[in-house]
Amino acid sequence: MTVKFTELAYTNVDEFVYGFAKKPVKCANGMVIGGGTVYPEINMTLPMMSITEETMPKVLAQYEEMIHGVCSMGVELKVPGMIVEIELLPPCTFNPQWGIDVTKVVKGVMKEYETKFGLKSLLRMTPVDVREGKALKHMYKGAEWDQVMDTMKGCAANGADFLAIESVGGKHLHDESVMNIDLPKAVFSLGIVGCRDMIILWDEIVKISAANNVIASGDTACGFANTSMVMGHKNFIPKVFAAIDRVMCAVRTMVAVECGAVGPDKDCGYEGVYLKAITGTPISMEGRVAACAHSSAVGNVSLALADCWSNESVENVRLLGNMAPTVSMEQLIYDCRQMNVATAKGLALQMRDILVESDNKYDPTAYIMTPSVVLKIAGEIIKGKTHFERTKIAAGATITELRAAVLSGFLELGPKEMKYLDIFEKQLKSIPADEAQFTADMIKANPKHDLRMYDIS
Amino acid sequence: MFDFSGLSNAVIAGDEDVVLDLAQQAINAKVDPLSIINDGLIAGMNVVGARFKVNDMYVPEVLMSAAAMKAGVALVKPLLISGEVTTKGTVVIGTVTGDLHDIGKSLVGMMMECSGYAVIDLGVDVSGDDFVAAIKANKAEIVALSCMLTTTMLQMKTTIEVLAAQGVRKDVKVIIGGAPITQEFSDNIGSDGYATDAAGAVDLITKLLN
């Protein structure tokens, strides 16, 4: 597949701001994502409990309680609109009917609040990509593929407004690349295996969305760059690897849009800022309010370009203030109010820059999320003619920008991190220009991974 | 007396070639093979573990050190007298049924291996029966259970019950870990211990086995 986006959606950094996307998503209930308003996107999950046929009534009761709580908060705080994301848990994708039942319960309550209180809301359903594990024989046929697709279809037919996924094609290779900070293997897993997988997967999701009149929203590098980011945050690997990995992941995540997804892109894909820069697609992001799910070094900068603002995920447990999802909802609504008032007062760019500058000198991932840096690197990425080329360019341009930022005093990096920038540059130069040759080399070097399950040989 | 500092430093640097060269020199000098392992190779790895614990080394650097140490051990091991032990114990590790999260568990296994334990990694979505089979086959002393989801935590309890039902619970210490796990949960399900991270897990099993 040839790449589709060969120009940036943004050429003026002053247009590149939260709440506004070049290609806003207009929804049937009147909400426009990327049309000037930042909306809260709440994501919640179950507390400690098993999911079995016997416990499913209790599971559904949990979802019902959570959605009542967040919708009540939406009404109480007069939210102009909200998005609810349900990332289904594995049993609810292994058993598509259970995922459908969750969709029906959640959407039912959302409709109730719309009817009674006029609360505008949209439901993003995210089945689990269960195409991994010992039993998996093939990525595109067999039980796992069917379960993902049946759950997508069932969610689309029973109340989802958006379909999304955190896809895992190439993740087994990528995990090894992170553990060994092996940049060529990361390029292979993302730019070749991952991108090819995304084409097949997203072609189907877009078809399902069209057939059910729902919106194909987007993917995320959750299993990829988020793994590196967390590892870097814990000082297990160099933080610069995580930053390079993040930008490379943008090429893979963007394949969803090349296949027809229109956004808003998924919250945990911090590479979404590159997606927005290149495709104009609105993005959901997460940061400081997602500390309930994981720590990060990008708590503020991640809000600077967000069109939806998410908490990542919170389990349904009691806090002093309220149940945790309701507490998260309140936090998100107040953040969004602040952002939207800044826009209304003509202060959006100042607000954006405050958010950026409060984070971006302390961490390389935060730095590469700086709007001007995003546009600069994105401008290099689109010069690549294939996903493989773009992934390599992404890595090289990120290394160049990080090094320049340190030398200019815009980014604080220790000597050990700088040493690894040099190491990764050498690793990158070792990758041949020819994709077929590189693929053959990588298959030979990784005999324990049978890529025939991807139809790659 | 043989100076092991060069050998230990080569392990710390992850330089396999130098490790093999210096280990061979020690063998040629008729140094006790067990001493080469304990005072040279494992001593170097102990420094690596300590430095990793205080964020002075990255995981990939630890892995290189571990690979260098393993190469040295492989060279020396055939010279050991039968019955001499080169590991601190055997750990069976895996992510419990229904949970596909892998990398945190792998990290814990790696740190245990680097600290001198033999590690049998069963991967993800591992049933109680598979844990029992691995314990029996490898005469494991420790079982390490991992999970990342609130909805798979209770599989840890189920796994411990399977170990008891199949008569192996008394033979092993069970430790647990993962994002949603707490000490209270560990106590409630009858586990022998809980650690918040890989370094803590190594300390925990060392304590449990001593």
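The numbers here are math on the coordinates, done by the rules we state, and not lab data. Source: prediction; values computed, not measured. Virtual Cβ from ideal backbone geometry, glycine too; neighbours counted across all protein chains shown.
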* Rounded to the nearest 5, what is the percent of antiparallel bridges among the DSSP beta bridges in chain A? -> 15
* Unsatisfied cross-links (Cα-Cα over 31 Å) in the set A:207/A:444; A:58/B:157; A:120/A:153; A:107/A:392; A:23/A:376 -> A:207/A:444; A:107/A:392
* Any idea how far apart residue A:64 and residue B:164 come out in nm if each label point goes 7 Å out from Cα toward Cβ? -> 3.4
* What shape does the stretch B:90-209 have by the C-alpha gyration tensor, where a ≥ b ≥ c are the square roots of the eigenvalues, rounded means a/c under 1.5, and otherwise prolate means a/b greater than b/c and oblate the rest? -> rounded
* What's the average, rounded to a whole number, of partner chain beta-carbon atoms within 10 Å of each residue's beta-carbon in B:148-155? -> 6
* Structure fact -> Taking A:454, A:274 and counting other beta carbon atoms within 10 angstrom, the fewest-first order is A:454, A:274
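Per 0.36 nm of contour for each residue apart, how much would the distance between residue A:446 and residue A:4 grow if the chain were fully extended, relative to their Cα-Cα spacing? Could the numbers behind the result be given before it?
Details: separation 442, 0.36 × 442 = 159.12 nm, distance 3.07 nm.
Taking 0.36 nm per residue and subtracting the Cα distance, the gain is 156.1 nm.
Using the beta-carbon distance between residue A:337 and residue B:203 and R0 = 56 Å, what value does 1/(1 + (r/R0)^6) give for FRET efficiency, to the nearest 0.05? Display every interim value, and only then the final one.
Values: r = 46 Å, r/R0 = 0.83.
Given R0 = 56 Å and the Cβ-Cβ separation, E is 0.75.
Please list the three semi-axes, largest first and in whole Å, of the ellipsoid equivalent to the stretch B:5-79, using sqrt of 5 times the eigenvalues of its alpha carbon gyration tensor. Write down the numbers at each step before the final one.
Values: eigenvalues 94, 23, 17 Å².
Taking √(5λ) for each eigenvalue gives 22, 11, 9 Å, largest first.
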* To do: Could you list B:101, A:138 in order of exposure, starting from the residue whose Cβ has the fewest other Cβ atoms within 10 Å?
  => A:138, B:101
* Asked: Simple spin-label model, 7 Å along Cα-to-Cβ: residue A:28 to residue A:180 in nm?
  -> 5.0
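Could you list A:362, B:194, A:18 in order of exposure, starting from the residue whose Cβ has the fewest other Cβ atoms within 10 Å? List each step's numbers first, then the result.
On the way: A:362 15, B:194 20, A:18 30.
So the ranking, lowest neighbour count to highest, is A:362, B:194, A:18.
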* Asked: Which residues' amide hydrogens lie under 5 Å from the amide hydrogen of residue A:162, considering only partners 5 or more residues apart or on another chain, with H built in the peptide plane?
  -> A:123, A:124, A:125, A:215
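At most 14 other Cβ atoms within 10 Å and a DSSP loop assignment: could you name the trypsin sites (Lys or Arg not before Pro) in the stretch A:262-353 that fit?
On the way: sites: A:266, A:276, A:288, A:318, A:337, A:345, A:352; in loops: A:266, A:345.
For trypsin sites (Lys or Arg not before Pro) across the stretch A:262-353 that sit outside H, G, I, E and B with at most 14 neighbouring Cβ atoms in 10 Å, the list reads A:345.
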* Asked: What percent does the relative contact order of the stretch B:5-79 come to when contacts are Cα pairs within less than 8 Å and at least six residues apart?
  -> 49
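Cα gyration tensor of the stretch A:13-454, axes a ≥ b ≥ c as square roots of the eigenvalues: rounded (a/c below 1.5), prolate (a/b > b/c) or oblate?
Numbers: a/c = 1.76, a/b = 1.23, b/c = 1.43.
Oblate, because a/c is 1.5 or more while a/b does not exceed b/c.
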* Column: log10 I(q)/I(0), Debye, Cα scatterers of the stretch A:158-249, q = 0.13, 0.14, 0.18, 0.19 Å⁻¹ -> -0.48, -0.54, -0.76, -0.81
* Let me know the shape class of the stretch A:378-439, please: from the alpha-carbon gyration tensor, a ≥ b ≥ c as square roots of the eigenvalues, rounded when a/c is under 1.5, otherwise prolate if a/b is greater than b/c, or oblate. => oblate
* Asked: Which whole-Hz ³J(HN,Hα) couplings does the stretch A:333-340 yield from phi under the Karplus relation 6.51 cos²θ - 1.76 cosθ + 1.60, θ = phi - 60°, glycine and proline marked x?
  -> 4, 5, 4, 5, 4, 4, 5, 5
* Asked: Which helices, taking whole DSSP H runs in chain B, have alpha carbons extending 24 angstrom or more along the helix axis plus mean Kyte-Doolittle at least -1.0?
  -> B:59-76
* **Amide H contacts of residue A:265 (H built 1.01 Å from N, under 5 Å, at least 5 apart or other chain)** => A:283, A:284
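Please get the size of the charge dipole for chain A, origin at its Cα centre, with Cβ charges of +1 on Lys and Arg and -1 on Asp and Glu, quoted in debye to the nearest 20. All intermediate terms of the calculation are to be shown ahead of the outcome.
Values: 46 positive and 55 negative charges, 110 e Å.
Its charge dipole is roughly 520 debye.
Relative contact order for chain A: what is it in percent, counting Cα pairs under 8 Å that are at least 6 residues apart?
Details: 909 pairs, mean separation 93.5, N = 457.
The normalised contact order for chain A reaches 20 percent.
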* **J(HN,Hα) series, the stretch B:168-185, from Karplus relation 6.51 cos²θ - 1.76 cosθ + 1.60, nearest Hz, glycine and proline x** => 10, 4, 5, 8, 10, 9, 10, 10, 10, x, x, 3, x, 7, 10, 4, 4, 4
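Specify the longest stretch of chain A that does not include any exposed loop site, a site being one of the GluC sites (Glu not before Pro) with a non-H, G, I, E, B DSSP assignment and at most 11 other Cβ atoms within 10 Å.
A:55-457
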* Can you give the FRET efficiency for residue B:80 and residue A:104, using 1/(1 + (r/R0)^6), R0 = 56 Å, r = Cβ-Cβ distance, to the nearest 0.05? -> 0.30
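For chain B, take the convex hull of the Cα atoms, compute a quarter of its surface area, and give me that in nm², please.
Details: hull surface 46.9 nm².
Averaged projected hull area, Cα only: 11.7 nm².
Taking only DSSP H segments of four or more residues, each worth -39500 (n - 2.57), what value at 222 nm results for chain A once the sum is divided by all its residues, to the nearest 500 deg cm²/dmol? Let's see the in-between values first.
Working: 17 runs with 225 residues, N = 457.
Estimated from H runs of four or more residues: -15500 deg cm²/dmol.
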* To do: Could you work out, for the stretch A:309-390, what percent of all Cα-Cα pairs fall into each 5 Å distance bin, beginning at 0 Å and stopping at the bin that holds the largest distance?
  => 3, 12, 13, 14, 16, 15, 14, 8, 5, 2, 0
